[in-house]
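Bear in mind that the values in this text are calculations on the coordinates, not laboratory data. As the structure is a prediction and not an experimental result, all values here were calculated from the model. Cβ: placed from backbone, ideal geometry, glycine included. Neighbour counts: every protein chain shown.
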Amino acid sequence: MAYKTRLLQALDKQHLWHPFTQMRDWMADDNLIIERAEGNYLYDTDGRKYLDGVSSLWCNVHGHRKKQIDAAIKQQLDKMAHSTMLGLTHPPAIKLAEQLIKIAPPGLTRVFYSDNGSTAMEIALKMAFQYWQQTSDRRQATRKKTKFLTFVNAYHGDTIGSVSLGGIDLFHATYKPLLFETISAPAPYCYRCPDARNCELQCLAEMERLIEKHRNELAAVVIEPLMQGAAGMISQPRGFIRRIRQLCTTHNILMIVDEVATGFGRTGRMFAVEHENVVPDIMAVAKGITGGYLPLAATLTTEKVFNGFLGEYKDKKTFFHGHTYTGNPLACAAALASLKIFRDEKVLEKLQPKIAIMQSILKSFYKLNNIGDIRQTGFMAGIELVKNRWTRESYPYEARMGHKVILDARRPRHHGRDSAAAPHGVILRPLGDVIVLMPPLSITIRELIELLHSAYHAIESVGNHR
Ligand SMILES: *Cc1c(COP(=O)(O)O)cnc(C)c1O
């Protein structure tokens, strides 16, 4: 290992505190330092090469150093790096809003910018709450609409509002005294469903019951459409979000969708809700919006919600919310370039065969005994490792099986005689014992096969040596 790497590792351990990381373990390990990236690969400070198997935390869409995005940011940099959206506006934010509305489900007409997924959701929940508070009806019945229906194992970010909407005990339970209460509905998790054998969508029935019971106090239903990401890639049966849309419409409740993970092509369509022709009232997007270049997020809503905030200055119906770097011009320029690539390079069209290949290769993974369930929606997949396939018993939390697999995947591997590529490793990030595969949409078919090959052998080798 190069001297430079050693020095940087030491400094990192001395000064840094990493997110979602037990720092005692981190400080005992040799940690990878990524210093450059190109296409779908990352390179560490010792020049080793890795496939970016999770799109640099689910963000990178078109690969790294994508010429058009690099150029767009440089061009914007020559004009202005930052201004403000509070009291002023600027061309990249305006043009991007127009583009977002064009690709968003019909009916979403307004864009409120922020800079990460948690704040996009924070904005969504404040918008929904305030909307009912100032929607005029004679009996003021909408004032009672102050609650949110959320799902078990949901993840909407790490700020206190978005944590309140969340339902992952490991992350959220500690903060309970700080959180507002929500009405929590069971989410489908078919692999661990007690009634899976005679599924009549019991999860849906319970949700329906809760919505009907609380219809007068519900401001909104909040959901990650098609797949709960951070929960471990838990997919919903077909028709689930469609049914939520119907119930929300019937009972005059807003539907908030969190497309932070699923947006921008991840599920095979631009947005996950398109699979079921659902138009939400509020939609949060972030991760993939800039192609994985810069922090940017947006909360989209309808003219109906927007109009609820119009009034005389003295009425104080203003949405009093905004972040300093909201709608940053460099980030908006990157997002505009990313959307142009979607159009010019027919990204979604070219993605379809890759989704099919991933699906067919993942089927063969069931040969491995330590795999319980494989869930895939478009180009997001989770492989759930289990100690015992027959009883579905999980590994103990402290065994860190997911972590062991991703460490093994980093080892350089040859990919058969046909592969022109030099041996290289793969970067993955697990969710507990679920191995996540979220490659950049730009991954080539050969690279995709290499990624799956590496994941397979890493799971196999850890299963054999536990
Ligand atoms: C990542 C994620 C968030 C939080 O986004 P940040 O940019 O990390 O704040 C919210 N919701 C979903 C579904 C996510 O996957």
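Worth pointing out:
- Against the chain, whose longest principal axis is taken from its Cα atoms, helix 329-344 shows a tilt of about 70°.
- The residues packed around Ala120, meaning those with a beta-carbon under 13 Å from its beta-carbon, carry a net charge of -4 if Lys and Arg are +1 and Asp and Glu are -1.
- Backbone amide hydrogens, once placed in the peptide plane, bring Val386 within less than 5 Å of Ile371, Gly372, excluding anything fewer than 5 places away on its chain.
- Histogrammed with a bin width of 10 Å, the alpha carbon distances of segment 70-344 distribute as 7, 29, 35, 21, 7, 1, 0 percent, first bin at zero.
- Segment 72-147-segment 161-214 distance, computed between alpha-carbon centres (Å): 27
- Between 0 and 90°, nearest 10: helix 202-213 axis offset from the chain longest Cα axis: 20
- Flagged links, alpha-carbon separation over 24 Å, of Lys79/Lys102; Lys4/Lys404; Lys304/Lys346; Lys287/Lys340: Lys79/Lys102; Lys4/Lys404; Lys304/Lys346
- Using alpha carbons only, the radius of gyration of segment 114-255 set against its Kirkwood radius gives Rg/Rh = 0.97.
- Value of relative contact order over the chain, rounded to a whole percent, pairs C-alpha under 8 Å and six or more apart: 20
- For segment 21-41, the residues whose amide N sits under 16 Å from a probe point set 7 Å from the Cα of Gln14 along the beta carbon direction are 27.
- Model label zone, Arg139; criterion: amide N under 14 Å from point 7 Å along Cα-to-beta-carbon; scope segment 201-230: 215-217
- In degrees, nearest ten, helix 91-103 long axis to first principal axis of the chain (Cα): 90
- Sorted largest first, the principal axis extents computed over the alpha-carbon atoms of the chain equal 73, 61, 45 Å.
- Neighbourhood net charge (13 Å Cβ-Cβ; Lys/Arg +1, Asp/Glu -1) for Thr150: -2
- Judged by the mean number of other Cβ atoms found within 10 Å, the most tightly packed of the peptides 393-400, 303-310, 328-335 leads the ranking 328-335, 303-310, 393-400.
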